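Novice: Take this structure, written in structure tokens, and hold onto it; I'll ask about it next.
The values are calculated or read from the model by the stated rules, or taken from the named source; none is laboratory data. Just so it is clear, the structure is predicted and the values come from calculations on it, not from any experiment. Neighbour counts are summed over all protein chains in view; Cβ atoms, including those assigned to glycine, are modelled from backbone coordinates with ideal geometry. The protein model used for the area step is the full one, side chains on, heavy atoms only, and it has no ligands, DNA or RNA in it. Shrake-Rupley method; radii C 1.70, N 1.55, O 1.52, S 1.80 Å.
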Amino acid sequence: MSSKAPSLTVSSSPSTSTSTSLSRLQTIANHMSPASITNFPAEAVPQAPEDPLFGLMRAYKADQSPDKVDLGIGAYRDDNAKPWVLPVVKKADEILRNDPEANHEYLPIAGLASLTSKAAELLLGTGAPAIAEKRVASVQTISGTGAVHLGALFLARFYKVNGANRTLYLSNPTWANHHQIFTNVGIPIEQYPYFDKKTKGLDFEGMKASLANAPDRSIILLHACAHNPTGVDPTPEQWREIAELMKAKKHFPFFDTAYQGFASGDLDRDAGAIRYFVEQGFELVIAQSFAKNFGLYGERAGCFHFVAPPAPDAAEVTTRVASQLAILQRSEISNPPIYGARIASIVLNDKDLFAEWQENLRTMSGRIIAMRQALRSKLEELGTPGQWNHITDQIGMFSFTGLSEAQVQKIRSDFHIYMTKNGRISMAGLNTRNVEYVAKAIDRVVRDLS
């Protein structure tokens, strides 16, 4: 190609001349530029939207206001709005660092046995018949997300009707990631009513009707405690009704438990629904996370459990299921991460450390309960329009405030308070320094946009 620049015709109009020149230069540049050779053009791989929750976190960090409050991300904060490393985790870390036998070798495919066995006991109870009868298969996973994913893979592969995947029913609303995890493996999704916007409590009748109308042997995903995002849990009596209905329909329970001990401060109470279903003879699976109750958010420690129903062949069924879970795990991650697993295992296997962990759990759950009481009290003192008893009726890290999307946008723009657009707040983001500010902001947006 000649390096000589093309001659440009000069017209009598400077603006026309310049426009023509630029157009011809652009044409030449286009010819000189190589054509795109990607196999992934935009029409095949469009730009994905940013994850809403992490987008919210990014916006919060960029906000320069000294008054800003983060009520979005579900991670515990102390009264100084700082991450809290549990004292018992610090002790376990010290033990691990001083262990001359500690190394960085691969774990077995199923993970650290001293963790998975105690994790099962934590959920089902020490001496549980299901454990004694070898009806439980446990696999260490990449926290709760990995456990849900492993369960989804297993059910997509092995739980079918006429060769097709069975439908999974999720509460409306549920943790947003549930939808993507199950959709990614080809499991069709439906929803059952859960949150009653009028009462800001459980739509129990709607839930029961939906489960009764679902095809037999459907998969029902249940939040074991501290429902995310609503903070609304069934009562023990309602759990019994749910179990009775599901047994009649032969539905398959899939429990997701990320807040055991963190919700009420009582590990046994928070496992009550799971233990009841197991006692009733259900075959079920459980996704278990240690992110919240150990504060091991970034260490990704969790477990997946399969529980077979009591039957003469239960142990053999469990062995077969465990073998297939190992195959799936091998192809996904080969081996689970070791550090967080060791920390949790040290605590779960030491009587004194376990007792201290329980005290740490009561500290976290107690602070959150206190913040619920403080927020409700201040809203009622202000005479904020509406009823606010749901703030203390709900449980766990999150609360569905009942704020509209417009109110959420206004409280963010006017007061620099960040929450998800559906009005969910992380109670851990409140503290004695900001709870009055948040209450006054809620009061203002409710009055302005009621």
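Novice: Using DSSP to define loop residues, name the trypsin sites (Lys or Arg not before Pro) in region 73-160 whose beta-carbon has at most 16 other beta-carbon atoms within 10 Å. Let's see the in-between values first.
Specialist: Details: sites: Arg77, Lys90, Lys91, Arg97, Lys118, Lys134, Arg135, Arg157, Lys160; in loops: Lys134, Arg135.
Sparse-neighbourhood loop trypsin sites (Lys or Arg not before Pro): Lys134.
Novice: Something else: Hand me the trypsin sites (Lys or Arg not before Pro) from region 380-450 located in a DSSP loop with no more than 12 other Cβ atoms within 10 Å, in residue order please. The partial results should precede the final answer.
Specialist: Values: sites: Lys410, Arg412, Lys421, Arg424, Arg433, Lys440, Arg444, Arg447; in loops: Lys421, Arg433.
Here the sparse-neighbourhood loop sites are Arg433.
Novice: Can you put Thr141, Thr363, Thr167, Thr183 in order of accessible area, largest first, using a 1.4 Å probe?
Specialist: Thr183, Thr363, Thr167, Thr141
Novice: Just from its helices, what would the mean residue ellipticity at 222 nm be for the chain, if runs of 4 or more DSSP H residues each count -39500 (n - 2.57) and the sum is divided by every residue, rounded to the nearest 500 deg cm²/dmol?
Specialist: On the way: 18 runs with 212 residues, N = 450.
Mean residue ellipticity, 222 nm, calculated: -14500 deg cm²/dmol.
Novice: Under unit Cβ charges (Lys, Arg +1; Asp, Glu -1), what dipole magnitude, rounded to 20 debye, does region 179-298 have relative to its Cα centre?
Specialist: Working: 12 positive and 15 negative charges, 38 e Å.
In total the dipole reaches around 180 debye.
Novice: One quarter of the convex hull surface, Cα atoms only: what value does that give for region 298-450 in nm²?
Specialist: Working: hull surface 55.6 nm².
So the Cα hull casts an average projection of 13.9 nm².
Novice: With the dipole of the chain worked out from charges on the C-beta (+1 for Lys and Arg, -1 for Asp and Glu) around the Cα centre, which of Leu361, Ile286, Ala311 lies farthest toward the positive end?
Specialist: Towards the positive end, the residue furthest out is Ile286.
Novice: Report, to the nearest 10°, how far helix 236-249 tilts away from the longest principal axis of the Cα atoms in the chain, using its own Cα long axis and a range of 0 to 90°.
Specialist: 80 degrees
Novice: Give the angle, between 0 and 90 degrees and rounded to the nearest 10, that separates the Cα long axis of helix 339-348 from the longest principal axis of the Cα atoms of the chain.
Specialist: So the helix axis and the longest Cα principal axis differ by about 20 degrees.
Novice: I've got another one for you. Ignoring ligands, DNA and RNA, what percent of the 1.4 Å accessible area of the chain is carbon and sulfur? Mind dumping the intermediate values first?
Specialist: On the way: 11650 of 22210 Å².
Accessible surface attributable to carbon and sulfur in the chain totals 52 percent.
Novice: Here's another thing I want to ask about it. Hey, got the dipole for the chain? About the Cα centre, +1 on K and R Cβ, -1 on D and E Cβ, debye to the nearest 20?
Specialist: Working: 46 positive and 46 negative charges, 210 e Å.
For the chain, the charge dipole is close to 1000 debye.
Novice: Additional query: Give me the dipole magnitude in Debye, nearest 20, for region 92-175 about the Cα centre, with unit charges on the beta carbon: positive for Lys and Arg, negative for Asp and Glu. Write down the numbers at each step before the final one.
Specialist: Details: 7 positive and 7 negative charges, 141 e Å.
Charge dipole of region 92-175: 680 debye, to the nearest 20.
Novice: Cut-off under 30 Å on the C-alpha distance; same-chain residues fewer than 8 positions from Lys378 excluded. Which lysines are left, in chain and number order?
Specialist: Candidates past the 8-residue exclusion: Lys61, Lys68, Lys82, Lys197, Lys198, Lys200, Lys292, Lys410, Lys421, Lys440.
Novice: Peptides 261-274, 39-52: what's the order by average Cβ count within 10 Å, highest mean first?
Specialist: Values: 261-274: 21.1, 39-52: 8.5.
Per-residue mean Cβ counts within 10 Å order the peptides as 261-274, 39-52.
Novice: Taking a cut-off of 28 Å, what percent of all Cα-Cα pairs in the chain are separated by more than that? Can you show the working numbers first?
Specialist: Details: 57802 of 101025 pairs.
Counting pairs separated by more than 28 Å, the tail of P(r) holds 57 percent.
Novice: Which far-off residues, 5 or more places away or on another chain, put their amide H under 5 Å from the one on Ile220, with H placed in the peptide plane?
Specialist: So Ile220 has HN proximity to Tyr169, Phe252, Phe254.
Novice: Here's another thing I want to ask about it. Rounded, prolate or oblate, given the Cα gyration tensor of region 306-357, with a/c below 1.5 counting as rounded?
Specialist: On the way: a/c = 4.79, a/b = 1.45, b/c = 3.31.
It is oblate, given that a/c is not under 1.5 and a/b is not larger than b/c.
Novice: Provide the per-residue ³J(HN,Hα) series for region 129-136, in order, calculated from phi with Karplus coefficients 6.51, -1.76, 1.60 and θ = phi - 60°, each as a whole number of Hz, with x at glycine and proline positions.
Specialist: Each residue's phi maps through the Karplus curve to give x, 4, 6, 4, 8, 6, 9, 10 Hz.
Novice: Could you let me know the centre-to-centre spacing of region 61-81 and region 359-396, using Cα atoms, in angstrom?
Specialist: Taking the Cα centre of region 359-396 as reference, the centre of region 61-81 is 18 Å away.
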